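Since every read-out is calculated from the coordinates, none of them should be taken as a lab result. Predicted model only: the values in this text are computed from it and were never measured. Virtual Cβ from ideal backbone geometry, glycine too; neighbours counted across all protein chains shown.
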Amino acid sequence: RNPPDFLVVDDSIKPFDGVEMCARLRGGGPSVRFMPILLITSLPHVSLVERARDAGAHAVLAKPMSLKSLYSRITMILRERRPFIETDEYFGPDRRRRDMPYDGPNRRKAADVATGSAAPEEDPQGTQGDVEAQSDAA
């Protein structure tokens, strides 16, 4: 038998909640350990979302949801596979999303410029951090 491509876990399942189910799956065998997990819940509090992510869920979706939003979230999970990370305290998908394209305003950069903590602009010639190149140009 082939294992499923992903799991949808409802937070209201018994005898334990969906967050515990995610944690148990992440501690399981290789056929389920790396499987994408979508947690659905009727109580999408910030604390639940944080616990679900810490337990290794890829995404959390609030109930009730439309079929379009369910399909969209499943499609995103399957198309944008993320590498897994294993540390002493966490096993699950890499939660960093720096490589994802973003078309919105770059608020973090604007805030960094305002506080003076912005990174230097890109150096197309690759000489910005090169002390010798900077002294040669002077």
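Sorted ascending by nearby beta carbons within 10 Å, beginning with the fewest, 89, 50 become 89, 50. For the range 1-45, the spread of Cα coordinates along the three principal axes comes to 33, 17, 16 Å, biggest extent given first. Fully extending the segment from residue 2 to residue 31, taken as 0.36 nm per residue of separation minus the present Cα-Cα distance, adds 9.5 nm. Between the amide H of residue 92 and those of 85, distances stay under 5 Å, these residues lying 5 or more places away or on another chain, with hydrogens modeled in the peptide plane.
Summarising the label geometry, the points placed 7 Å from Cα in the beta-carbon direction at residue 43 and residue 16 lie 1.8 nm from one another. Shape call for the range 7-93 from the C-alpha gyration tensor, a ≥ b ≥ c root eigenvalues: rounded (a/c under 1.5), prolate (a/b greater than b/c) or oblate? Here the range 7-93 falls in the oblate category. Remark: 61, 25, 39, 78 ranked as 78, 61, 25, 39, counting other beta-carbon atoms within 10 Å and listing the fewest first.
Taking other Cβ atoms within 10 Å as a rough exposure proxy, 63, 68 sort from fewest to most as 68, 63.
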